[in-house]
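Remarks on the structure that follows.
The values are calculated or read from the model by the stated rules, or taken from the named source; none is laboratory data. Since this is a predicted model, take the numbers as computed values, not measurements. Neighbour counts are summed over all protein chains in view; Cβ atoms, including those assigned to glycine, are modelled from backbone coordinates with ideal geometry. Side chains included, ligands, DNA and RNA excluded: accessible areas come from the protein's heavy atoms. Shrake-Rupley method; radii C 1.70, N 1.55, O 1.52, S 1.80 Å.
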Amino acid sequence: MTERLLTYTLSVAVLTLIPGADTMLTLRNALARGRLAGIATAFGIGSGLFVQATLSGLGLAAIVVRSAQLYHTITLAGACYLAGLGIWTILTTWRQYSPIKHDRVVGQERHAFAEGLLSNVLNPKVAVFYLAFLPQFISPDDPVLLTALALTTIHFAFSVIWFSILTILVSSVSSWLRRNEVRRRLNYVTGTVLTVLGIRLAVEG
């Protein structure tokens, strides 16, 4: 059991560290809305893992995997969501909108949390990963749903810690990032990456 738990912990740690849509979304919100919004995004992404683990534990993820039409529908929704965020970032930057605000915006952390949550929940690849990955670390005698949620807590902790660290790093160089030229280039990069990730998800789906 200890060996399996260690293997699982190392696996989710590596998975979390690999840059992807979650990384770009966290950086985007940290740049656009500040440190608290970046951390809220991290918690949203982590919370989405519990949704995926619950669906896998209840067997609903298996339905998604077996139903090609449902899988493609969810994939397309997730792809459109990511691409939409990317295009919005590019367009607002092109219109010389300054995404870094120092004034308090009511509800910005809630919006950031929701974006992180949706980014994870609308990614069927996460559901497929959990469906194929978690059973390897659950014994036949274990309560499946409770064990899946317990294991997901480890993944949740890694996600929140890692994406919060990224947010803090971005905030630590905020004075440099406030320069208009640097800010525009970073927004173009994050917007382009999110758009490409969305298109790639749609094509692969």
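Summary of values
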read-out	value
Ordering of 84-92, 111-119 by packing [mean C-beta count within 10 Å, highest first]	111-119, 84-92
Cα-projected label distance for ALA77 with LYS125, points at 7 Å along beta-carbon direction, nm	1.9 nm
Rounded percent of accessible protein surface that carbon and sulfur make up, the stretch 14-55, 1.4 Å probe	78 percent
Estimated distance in nm for a label pair at LEU17 and ILE165, the labels positioned 7 Å out from Cα along Cα-to-Cβ	0.8 nm
R0 of 35 Å, Cβ-Cβ distance VAL51-VAL189: FRET efficiency to nearest 0.05	0.75
Accessible area per residue in Å² at 1.4 Å probe, computed on the stretch 128-173	51 Å²
Highest average packing first - 132-138, 151-157, 22-28, Cβ atoms within 10 Å	22-28, 151-157, 132-138
Spatial separation of Cα centroids for the stretch 1-43 and the stretch 114-148, in angstrom	15 Å
Label-zone membership for the stretch 1-45, site LEU146, 7 angstrom Cα→C-beta point, backbone N under 19 Å	1-2, 5
Linear extension gain, SER172 paired with LEU5, 0.36 nm per residue minus alpha-carbon span	56.7 nm
